[in-house]
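Encoded as structure tokens, the structure appears first; notes follow it.
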Amino acid sequence: MATVELKNLLKIYPNRKGEDVKAVNHIDLSIRDREFMVLVGPSGCGKSTSLRMIAGLEDITDGEILIDGKIINDVQPKDRDIAMVFQNYALYPHMSVYENMAFGLKLRKYKKDEIDRRVKDAAEILGIEELLQRKPAALSGGQRQRVAVGRAIVRKPKVFLFDEPLSNLDAKMRVSTRAEISKLHARLASTMIYVTHDQVEAMTMGDRICVMNGGDIMQVDEPLQIYNHPANTFVASFIGSPPMNLMLGSIQRQSQALYFKADGAEILLKLSNRLADAAADYVGRSIIFGVRPENIQETNTLKDFEPEHTAHVTIDVAEPMGNETILYLSSGDQSLIGRVRSDVRTEVNKTITVWFDPDRAHLFDPETEENLSLAT
């Protein structure tokens, strides 16, 4: 397969009526051989533009793209040895499934028996052998997506590119299809770059995740590392569903210990040694306290806890999910989300005591928004 490197990659769209639009801002990214790399972020973050530059569908303003160590900036898309799966499938409606999958190989003048072998092998991998003679109009959304993937597989490219391929599918089909793509990656042992705005897809599919925002790379790491150790408040709030709770407050010193005091709320939490070290220079200053919903638990469900890590909150909304319950909580001006066991009794407007796991909390600088607790 292949490695892919983006070096100082820049994309600017000229705008005659105002300032130019900087879609991708001098990013550097190395994608390993046979890696499944997911580019994730909100609309307009630059992920699709980056993918299209790799594919050769967008001109590069500055920087370099290398595949297997070779600069491909001026190489035509058809000569880059990549295959792309688009969001809208891009199937020819007048052609059968077989013809759609074979079309690219015919253009490259492959022999008929080689084309037949590759198409049938890809159809077997994807489980669409019985669909080969159908037209796209006779296929479901999930089946069309498989055909689009099959058309890429027959090329046997160095790199597969996926541009939000599941966004047109319903929720149930997205779950099953993303599992199929993950299995496909394991079977083909190929290099894949996958673009999505869905952080669930990113977490479940990627070997590593590249989180982007505003044309910049926020963090690149393995999914659980990003979830447990977000580099900044953007990553903390974007990755995770529900997102991380972020409370603005200040650091106070009491009896030789450091505490976090939330602004406009009756929340005063003792910091663990790790967080206290990170907050040593922030005594009397503003800071952001972050904690995941699952790390806020109702104290009645705990056998042992320190009162200095608890607070009284009010239940505003309870959402039973079957295996768990999502609680929307408030204390003064602060709003929080907790994820608790399904057997926890929840009554709207009831005041409960919750425990904040001190070992899973984070502190962020309110100006730079960087995670202070990563340095300790």
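Within region 100-109, the set of residues being more than 19 Å from Ser140 (Cβ to Cβ) and either charged (D, E, K, R) or in contact (Cβ under 8 Å) with a residue 40 or more places away in the chain (or both) comprises Ala102, Phe103, Gly104, Leu105, Lys106, Arg108, Lys109. For Gln143, the conditions (1) surrounded by 15 or more Cβ atoms within 10 Å (Cβ to Cβ); (2) within 30 Å of Leu6 (Cα to Cα); (3) not basic (Lys, Arg) all hold with the exception of (2). Cβ-Cβ distances below 7 Å connect the following pairs, each with a first residue in region 17-33 that is closer than 20 Å to Ala189 by Cα, a second residue that is open to solvent by 50 Å² or more (accessible area, probe 1.4 Å) and of a type in the set (Asp, Glu), and a separation of six or more residues or different chains: Ser30/Glu5. For Ala23, the test of being more than 28 Å from Pro136 (Cα to Cα), surrounded by 17 or more Cβ atoms within 10 Å (Cβ to Cβ) and either modelled with pLDDT of 90 or more or within 29 Å of the chain's Cα centre (by Cα) (or both) is passed.
Residues in region 228-242 that are crowded, with 18+ Cβ neighbours inside 10 Å and touching a residue at least 40 places away in the same chain (Cβ under 8 Å): Pro230, Ala231, Asn232, Thr233, Phe234, Ala236, Phe238, Ile239, Gly240. Scanning region 319-362 for residues that are of a type in the set (Gly, Ala, Ser), open to solvent by 50 Å² or more (accessible area, probe 1.4 Å) and closer than 19 Å to Leu302 by Cα returns a single hit, Ser342. Listed here are the strands (runs of 3 or more DSSP E) enclosed by region 1-85 that have at least 2 residues being of a type outside the set (Phe, Trp, Tyr) and touching a His at 6+ places or on another chain (Cβ under 9 Å): 4-13, 62-67. Of the residues making up region 336-367, just one is free of Cβ contacts under 8 Å to residues at least 24 places away in the same chain and small (Gly, Ala, Ser), namely Ser342.
Which of the following residues is within 22 Å of Arg178 (Cβ to Cβ) and either polar (S, T, N, Q) or over 27 Å from the mean Cα position of the chain (by Cα) (or both): Met101, Met95? Being within 22 Å of Arg178 (Cβ to Cβ) and either polar (S, T, N, Q) or over 27 Å from the mean Cα position of the chain (by Cα) (or both) holds for just one of Met101, Met95, which is Met101. For region 28-45, filtered to residues that are open to solvent by 10 Å² or more (accessible area, probe 1.4 Å) and of a type in the set (Gly, Ala, Ser), the residue that is modelled with the highest pLDDT is Ser30. Sort out which residues of region 104-119 are open to solvent by 90 Å² or more (accessible area, probe 1.4 Å) and within 33 Å of the chain's Cα centre (by Cα), and write them in order of number. Within region 104-119, no residue meets the criteria.
Looking at region 363-376, can you tell me whether even one residue there is surrounded by 14 or more Cβ atoms within 10 Å (Cβ to Cβ), of a type in the set (Phe, Trp, Tyr), in contact with a helix residue (DSSP H, G or I) (Cβ under 8 Å, 6 or more places away or on another chain) and part of a strand (DSSP E or B)? Yes, the conditions are met somewhere in region 363-376. Residue count for region 314-335 satisfying the condition of being farther than 14 Å from Asn245 by Cα and without any contact (Cβ under 8 Å) to a residue 60 or more places away in the chain: 12. Selection of first residues in region 134-152 that are under 23 Å from Arg108 (Cβ atoms) and of second residues that are assigned to a helix (DSSP H, G or I) and of a type in the set (Val, Ile, Thr), restricted to Cβ pairs under 6 Å at least 6 apart or on distinct chains, gives the following pairs, ordered by first then second residue: Val147/Val97.
Test Lys303 against the stated conditions and say whether it is free of Cβ contacts under 8 Å to residues at least 12 places away in the same chain, basic (Lys, Arg) and farther than 20 Å from Met244 by Cα.
Spelling it out, Lys303 is indeed free of Cβ contacts under 8 Å to residues at least 12 places away in the same chain, basic (Lys, Arg) and farther than 20 Å from Met244 by Cα.
What tally of residues in region 243-282 results from selecting those that are part of a loop (DSSP other than H, G, I, E, B), farther than 14 Å from Phe356 by Cβ and either open to solvent by less than 10 Å² (accessible area, probe 1.4 Å) or in contact with a Pro (Cβ under 9 Å, 6 or more places away or on another chain) (or both)? Write out each step before concluding.
Just the residues of region 243-282 that are part of a loop (DSSP other than H, G, I, E, B), to begin with: 243-244, 255-256, 263-267, 271-272, 279.
Within this subset, residues satisfying the condition of being farther than 14 Å from Phe356 by Cβ are 243, 255-256, 263-264, 279.
This time we only want the ones that are either open to solvent by less than 10 Å² (accessible area, probe 1.4 Å) or in contact with a Pro (Cβ under 9 Å, 6 or more places away or on another chain) (or both), so: 243, 279.
Number of matching residues: 2.
Within region 250-280, can you find the residues that are at negative phi and out of contact with any helix residue (DSSP H, G or I) (no Cβ under 9 Å at 6 or more places or on another chain)?
Gln252, Arg253, Gln254, Lys261, Ala262, Asp263, Ala265, Glu266, Ile267, Asn273, Ala276, Ala280
Return the residues of region 267-287 that are within 11 Å of Ile251 (Cβ to Cβ) and under 28 Å from the mean Cα position of the chain (by Cα); say none if nothing qualifies. Result: Leu275, Ala278, Ile287.
The values are calculated or read from the model by the stated rules, or taken from the named source; none is laboratory data. Note that the structure is predicted; figures quoted are calculated from it, not measured. Here Cβ is always computed from backbone atoms with ideal geometry, including for glycine, and neighbour counts include all displayed protein chains. Remember, those area values only see protein heavy atoms, side chains included, never the ligands or the DNA or RNA. Shrake-Rupley method; radii C 1.70, N 1.55, O 1.52, S 1.80 Å.
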